[in-house]
Amino acid sequence: MEIYFEDKHYIIVNKPPKVPSQSDPTGDMDLCTMVRTYISKRDHVKKRPLYVVHRLDRPVGGLITFAKTQKAADLFSQMIKERSLKKTYLCVAYGQAKEGTTQLTHYLKKKSGQNVSIAVHKNNEGAKEARLSYTSLESIKVKRDQLNLLKVHLETGRHHQIRVQLSAAELPLWGDAKYHPQAKRKRNWTQIALWSFELSFIHPFTKEKISLQSKPPAIEPWTQFESILMAL
């Protein structure tokens with residue numbers, strides 16, 4: 001287990017792709033249980049409380065935080081609500097990304113009974129505003145495809161937000177079978193190219209500035225942008 005930060009209030013670890021952030025109907029081992037078990041064995045206690053304060057989609061890897069107390073969880077949730085927590089992601093997207101930094105605003109709605117969200121008109125019942133910005137770090141041609149390495153900053157936290165908004169902007173993510181028509185047609189499973197790259201916040205107890213980075217693994221399609229990723 002890769003631990004990036006730990007104190008008596010929080011533990012921040014690197015989530016492997018394909019592992020649920022918390023227990024879900026599949027019954028597969030989830031990261032919250034793995035971290036709780038690790039802490040309990042290490043500290044020789046029967047059971048440690050652990051609180052999920054933000055989640056990553058199952059196919060997504062990278063930095064994720066768990067709180068060790070209810071108060072720590074409440075204060076972390078308050079940071080998210082006040083937008084003082086900076087969450088930055090890296091992704092590889094198809095299409096023609098604009099140069100520089102681009103702001104995207106959509107209204108998203110989760111489809112009833114399905115684990116997908118869609119972009120809808122703002123007056124649609126149940127629609128929630130979603131905002132993010134992306135910066136194009138590099139754009140390359142691979143065979144017939146245009147691939148873009150994007151750095152994404154979330155301003156809101158909606159279900160599948162990055163995946164839905166970029167797909168709506170004609171920048172679907174590599175390997176995203178839910179929101180990329182080309183990936184849906186593939187018979188073989190492909191890992192989605194979305195990574196929780198950076199967490200930055202002022203620790204609510206110590207007032208220390210915490211700034212952590214986790215880079216994606218050296219596999220396709222990240223290796224197409226190896227020089228840029230090394231320089232981050």
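Observations
- When the criteria are applied in full, L90 fails the requirement of being at pLDDT below 95 and surrounded by 15 or more Cβ atoms within 10 Å (Cβ to Cβ).
- Verdict on K81 being surrounded by fewer than 18 Cβ atoms within 10 Å (Cβ to Cβ), within 17 Å of L173 (Cα to Cα) and free of Cβ contacts under 8 Å to residues at least 60 places away in the same chain: no
- Among the residues examined, L150 does not qualify as closer than 23 Å to K81 by Cβ, aliphatic (A, V, I, L, M) and not in a loop (DSSP other than H, G, I, E, B).
- Subset of the range 106-137 [outside any strand (DSSP E or B) and in contact with a strand residue (DSSP E or B) (Cβ under 9 Å, 6 or more places away or on another chain)]: K111, V116, H121, K122, N123, N124, E125, G126, A127
- Count - residues of the range 93-128 that are surrounded by fewer than 15 Cβ atoms within 10 Å (Cβ to Cβ), closer than 23 Å to F197 by Cα and polar (S, T, N, Q): 4
- The range 165-182: number of residues that are surrounded by fewer than 22 Cβ atoms within 10 Å (Cβ to Cβ) and assigned to a helix (DSSP H, G or I): 3
- Selected residue [farther than 30 Å from A67 by Cα, aliphatic (A, V, I, L, M) and either free of Cβ contacts under 8 Å to residues at least 24 places away in the same chain or not in a strand (DSSP E or B) (or both)] from I228, I162, I140, I192: I228
- With respect to the stated conditions, L75 fails to be modelled with pLDDT of 95 or more, touching a Pro at 6+ places or on another chain (Cβ under 7 Å), part of a strand (DSSP E or B) and surrounded by 15 or more Cβ atoms within 10 Å (Cβ to Cβ).
- Residues located in the range 1-41, provided they are in contact (Cβ under 8 Å) with a residue 12 or more places away in the chain and among the polar types (S, T, N, Q): N14, S21, Q22
- Pick from the range 58-70, criterion more than 24 Å from K151 (Cα to Cα) and touching a residue at least 60 places away in the same chain (Cβ under 8 Å), ranking: surrounded by the fewest Cβ atoms within 10 Å (Cβ to Cβ): T69
- Members of the range 130-156 found to be surrounded by fewer than 22 Cβ atoms within 10 Å (Cβ to Cβ), in contact with a Lys or Arg (Cβ under 8 Å, 6 or more places away or on another chain) and small (G, A, S), listed by number: S136
- Residues of the range 23-48 that are modelled with pLDDT of 90 or more and either more than 26 Å from Q78 (Cβ to Cβ) or in a loop (DSSP other than H, G, I, E, B) (or both): M29, D30, M34, T37, Y38, S40, K41, R42, D43, H44.
- In the range 12-57, residue farthest from the chain's Cα centre (by Cα) [restricted to those that are among the basic types (K, R) and buried (at least 18 other Cβ atoms within 10 Å of the Cβ)]: R36
- Some residue of the range 181-204 being hydroxyl-bearing (S, T, Y), closer than 30 Å to E6 by Cβ and at pLDDT 95 or above: yes
The values are calculated or read from the model by the stated rules, or taken from the named source; none is laboratory data. Just so it is clear, the structure is predicted and the values come from calculations on it, not from any experiment. Using ideal geometry, Cβ is built from the backbone for each residue, glycine included, and neighbour counts are taken over all protein chains shown.
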